[in-house]
Amino acid sequence: MASVLLDKLKGGGQVPPVPPHLATLKSGFGGFLAIAFVGWLAHVTGQPMILGSLGASCVMLFGFPDLPFSQPRNVLGGHIITAVIGLICLSLFGPSFWAMALALALSLIALVASGLPHPPAGSNPIIIFLSMPGWGFLLFPTISGVLGILLIAIIYNNLTRQSAYPKYW
């Protein structure tokens, strides 16, 4: 049994190649534009629109826009699902470590079962339990922030890349 585990830990695949420098710089600039735009909207409107998990979403949207995890339906759906589950668990069970773990587990199950996985959204239940917001968190910053970065991703990725973004809705 231990040798089987050790054999699995060896891996066997090859490390993927590093993208060209220009593509890497473009992805970083796209992330900058997205977070700057959402930050500017927050400043102008006075509404909180920045969510920690949006940074990780930008890595997906601008660094790996062709992956299923990076498609708009996964990004928006994933963030909404995990925020709702986090808020429900916080409301029902209060701020305990086991309720936070339950919120994460239920979020993971819901993301996979719905066909809307977006790994950065998995941090939303943790963020909710650390900040203990009210239900307004769903609109500000979750939905508003996600829509802001998606708007920039759709425009930027289509202006700077030959392939279309999104791949599907």
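The values are calculated or read from the model by the stated rules, or taken from the named source; none is laboratory data. On a predicted model such as this, the values are computed, not experimentally measured, just so you know. Reconstructed Cβ throughout: ideal geometry from the backbone, glycine too, with neighbour counts over all protein chains shown. For accessibility, only protein heavy atoms count, side chains too; no ligands or nucleic acids. Shrake-Rupley method; radii C 1.70, N 1.55, O 1.52, S 1.80 Å.
Only helices at least 27 Å long along their axis, Cα-based, and averaging -0.5 or more on Kyte-Doolittle count here, so list those DSSP H runs from the chain. Before the final figure, lay out the partial values.
Details: long enough: 21-45 (36 Å, 1.15); 72-93 (31 Å, 1.51).
Going by DSSP H runs, the hits are 21-45, 72-93.
Residues of the range 71-88 with an amide N closer than 16 Å to a point placed 7 Å from the Cα of Ala164 along the Cα-to-Cβ direction: 71-73.
With +1 on each Lys and Arg Cβ and -1 on each Asp and Glu Cβ, how big is the dipole of the chain about its Cα centre, in debye rounded to the nearest 20? Provide the component values of the computation, followed by the final result.
On the way: 6 positive and 2 negative charges, 47 e Å.
Rounded to the nearest 20 debye, it is 220 debye.
Counting only protein heavy atoms and using a 1.4 Å probe, what share of the accessible area of the range 13-94 belongs to carbon plus sulfur, as a whole percent? Answer for the range 13-94: carbon and sulfur cover 76 percent of the accessible area. Taking the Kirkwood radius as Rh and the Cα radius of gyration as Rg, the range 17-169 has a ratio of Rg/Rh equal to 1.00. So how far, in whole Å, is the C-alpha centre of the range 106-142 from the one of the range 11-45? Value for the Cα centre distance between the two parts: 21 Å.
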